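Student: There's a structure below that I have some questions on.
Just so you know, all these numbers are worked out from the coordinates, no wet-lab data involved. Note that the structure is a prediction, hence the values are computed from the model and not measured. Note that we place each Cβ from the backbone using ideal geometry, even for glycine, and neighbour counts take in every protein chain shown.
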Amino acid sequence: MGNDSKLQAALNGLCPRCRQGKIFEKPFYSLTGFDKMYEFCPHCGLRYEVEPGYFYGAMFVSYAISAGVALVIGFMLFYLANDPDGWLYVAVVAPVMVIIAPINFRISRVIWLHYVSGIKYQPGL
């Protein structure tokens, strides 16, 4: 039985059509392979990259996530550290962006598949 909730399927990294097959081959914390996606859903056979360059749009989602995280960190530094020098903003924000990159990569692709692609849930697949 698949997930009934689109949000639950997205959070679990499951196929947007059947909500049962995984999108990524390895967990996000895998140092080698966090970016490895199945070409087709292992459960229903949906081709995830419907055309060449399909996931370029996910870069905009990734950019929005990164910008939001950087803004939150910037505001926290501004208010909690009394507006420190510019180098401190860079010294804190840059490593955080590198650390969240694997998670951001995956989240942006999952959001792209579930909420932008127009792929409809088909229960019973």
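Student: Using label points projected 7 Å from each Cα along Cα→Cβ, tell me how many nm separate residue 31 and residue 54, to one decimal.
Tutor: So the label points at residue 31 and residue 54 sit 3.2 nm apart.
Student: If you don't mind, there's one more thing I want to ask. Taking the Cα atoms of the chain alone, what are Rg (to one decimal) and Dmax (as a whole number) in Å?
Tutor: 17.3, 57
Student: Using a basic spin-label model with each label point 7 Å from the Cα along Cα→Cβ, how many nm lie between residue 73 and residue 115?
Tutor: 2.2 nm
Student: Set Lys and Arg Cβ to +1 and Asp and Glu Cβ to -1, take the dipole of the chain about its Cα centre, and tell me which of 72, 86, 125 lies farthest positive.
Tutor: 125
Student: Considering lysine pairs in region 1-120 that are 8 or more places apart or on different chains, how many have Cα atoms under 19 Å apart?
Tutor: The number of close lysine pairs in region 1-120 is 5.
Student: How much length is gained on full extension from residue 40 to residue 82, taking 0.36 nm per residue of separation minus their Cα-Cα distance?
Tutor: Full-extension gain reported as 10.1 nm.
Student: So, one more: 5 Å is the cut-off here: which amide hydrogens, built 1.01 Å from N in the peptide plane, fall below it relative to residue 24, excluding neighbours closer than 5 in sequence?
Tutor: 38
Student: While we're here: As a footprinting exposure proxy, order 113, 77, 7 by other Cβ within 10 Å, with the fewest listed first.
Tutor: Ordered by Cβ neighbours within 10 Å, fewest first: 7, 77, 113.
Student: Right, next: Using the Cα centre of the chain as the reference point, and only Cβ charges (+1 on K/R, -1 on D/E), how large is the resulting charge dipole? Debye, rounded to the nearest 20.
Tutor: The dipole of the chain has a size of about 520 debye.
Student: Hey, what do the phi angles of region 106-111 turn into as Karplus ³J(HN,Hα) couplings, whole Hz, using 6.51/-1.76/1.60 and θ = phi - 60°, x for Gly and Pro?
Tutor: Listing the rounded values in order: 6, 4, 5, 5, 5, 4 Hz.
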